[in-house]
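These notes concern the structure reproduced below.
The values are calculated or read from the model by the stated rules, or taken from the named source; none is laboratory data. All values derive from a computational prediction rather than experimental measurement. Cβ: placed from backbone, ideal geometry, glycine included. Neighbour counts: every protein chain shown. Surface accessibility is based on the protein's heavy atoms, side chains included, excluding ligands, DNA and RNA. Shrake-Rupley method; radii C 1.70, N 1.55, O 1.52, S 1.80 Å.
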Amino acid sequence: QRVLAANDDRLLQQGVLYPRDIRVGDAHHSLACDLVERHQDVPMGDAWYGDQPRGQAWARLQAELERHADRVGKVILSSELLFGQSERLAANLADLADKLRGHEVRVVVYLRRQDEWYASFYNQDVKGMRQWPHDAYKFYQSHQVFQLDYLSLLRCWAGAFGEPSILVRPFEQGQWPQRDIALDFCATTEIPALQAQGEESNEGLGFHQLYFKQCLNKVGFEPADNEEVLGVLLALHPEEPARDTMFINEHVYRRYRDRWTEQNRRLEQEFLGGRQLVLEPLPERIRPDYYLVDRPTLGRLIHRLVAELEAGRHRQYRQLF
């Protein structure tokens, strides 16, 4: 999304539109939010809309398409929120297909190995403005994105747009040209090549950062303040991200792994012509590194925070801390 947004002028000159009028940051979240609010009767957070008016995203998109109709042959829409829905999904997708009627639609979906996706999603939900306050077990059981597996979701999308329209790509660097997801996306969608190399990644939190942020989430504070509060935490306690960590025990992981392995086998037959989705198999065992969080390290973090507060810094968050 960052690469597409940064190159939107260049793309437009070559007949590819990455719409601007409905963009929230670098993505088109307002399109997905309007569908969710309509079909799930759930108000989406203001941060997903940015400065976009609610309920107007699709009309604004249509106006932008008409404005560029004489110079555009291809349009790219992107929001991870489109994939993150499972409740009332059939109605949501039927509405989406209706809004895109008259266009030749291709649905590009990148699927990450499930254990990596679960761990990364949990870490980012604790870190980000959704401010998840609970453990990884409840996260998996309660988030609607996990209620349907990859195969079931793809079948739903295929029902709305046709199986040949679903282009499944692996979220695995080893299968991308030059290990670059932007180059892979451009090749898949047949648009001019753009490179993402050098783009900063959205790193997860380390073990102690994650624990401390989860405590703050449990207390509760304004999502609009999330980035600033997170910045204070990262400055107080620099730490390597918790990579390759499941945050659950091995017994639960084995049960999930058996389910995911069978799902992938069937997905590969139905949507990939028997080709492997990912080259790196699901690990047979995990190390529950999350439990390496220790009190002395947390104590040092708290002492540093107290010293900052006593020095008069971060006064606006004194009550939260």
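Residues in region 270-293 that are over 22 Å from Gln175 (Cα atoms) and either in contact (Cβ under 8 Å) with a residue 60 or more places away in the chain or aromatic (Phe, Trp, Tyr) (or both): Ile286, Asp289, Tyr290, Tyr291, Leu292, Val293. Selection of region 44-62 for residues being part of a helix (DSSP H, G or I) and open to solvent by 30 Å² or more (accessible area, probe 1.4 Å) yields Asp46, Ala47, Trp48, Trp58, Ala59, Arg60, Gln62. Given the criteria more than 30 Å from Gly15 (Cβ to Cβ) and either among the basic types (Lys, Arg) or not in a helix (DSSP H, G or I) (or both), does Leu148 qualify? Answer is yes for this residue. Scan (1) in a loop (DSSP other than H, G, I, E, B); (2) closer than 30 Å to Arg266 by Cα for the single condition Gln195 breaks and write down its number. For Gln195, the exception is condition (2).
For region 238-282, filtering for residues that are assigned to a loop (DSSP other than H, G, I, E, B), more than 22 Å from the chain's Cα centre (by Cα) and surrounded by 14 or more Cβ atoms within 10 Å (Cβ to Cβ) leaves 4. Considering each residue of region 242-269, count those that are touching a residue at least 60 places away in the same chain (Cβ under 8 Å) and either of a type in the set (Phe, Trp, Tyr) or under 23 Å from Arg285 (Cβ atoms) (or both), and give that number. Summing the residues that are touching a residue at least 60 places away in the same chain (Cβ under 8 Å) and either of a type in the set (Phe, Trp, Tyr) or under 23 Å from Arg285 (Cβ atoms) (or both) in region 242-269 gives 14. Scanning region 191-210 for residues that are out of contact with any strand residue (DSSP E or B) (no Cβ under 9 Å at 6 or more places or on another chain) and buried (at least 17 other Cβ atoms within 10 Å of the Cβ) turns up Ala196, Gly204, Leu205, Gly206, Phe207, His208, Gln209, Leu210. When each of Arg67, Arg106 is tested for being more than 29 Å from Asp258 (Cβ to Cβ), modelled with pLDDT of 90 or more, in contact with a Ser or Thr (Cβ under 8 Å, 6 or more places away or on another chain) and among the charged types (D, E, K, R), the lone residue that passes is Arg106. Of the residues making up region 85-140, those that are closer than 30 Å to Arg255 by Cβ, within 13 Å of the chain's Cα centre (by Cα) and in a loop (DSSP other than H, G, I, E, B) are Gln85, Arg112, Gly128, Arg130.
The single residue among Leu11, Leu81, Leu65 that is surrounded by 13 or more Cβ atoms within 10 Å (Cβ to Cβ), in a helix (DSSP H, G or I), of a type in the set (A, V, I, L, M) and in contact (Cβ under 8 Å) with a residue 60 or more places away in the chain turns out to be Leu11. Could we say that Pro296 is assigned to a helix (DSSP H, G or I) and of a type outside the set (Gly, Ala, Ser) here? When the stated conditions are applied, Pro296 passes them. Evaluated against (1) aliphatic (A, V, I, L, M); (2) open to solvent by less than 30 Å² (accessible area, probe 1.4 Å); (3) over 26 Å from Gln269 (Cβ atoms), Leu151 falls short on exactly one condition, (3). Of the residues making up region 14-43, those that are in contact with a Lys or Arg (Cβ under 8 Å, 6 or more places away or on another chain), open to solvent by less than 40 Å² (accessible area, probe 1.4 Å) and part of a loop (DSSP other than H, G, I, E, B) number 3.
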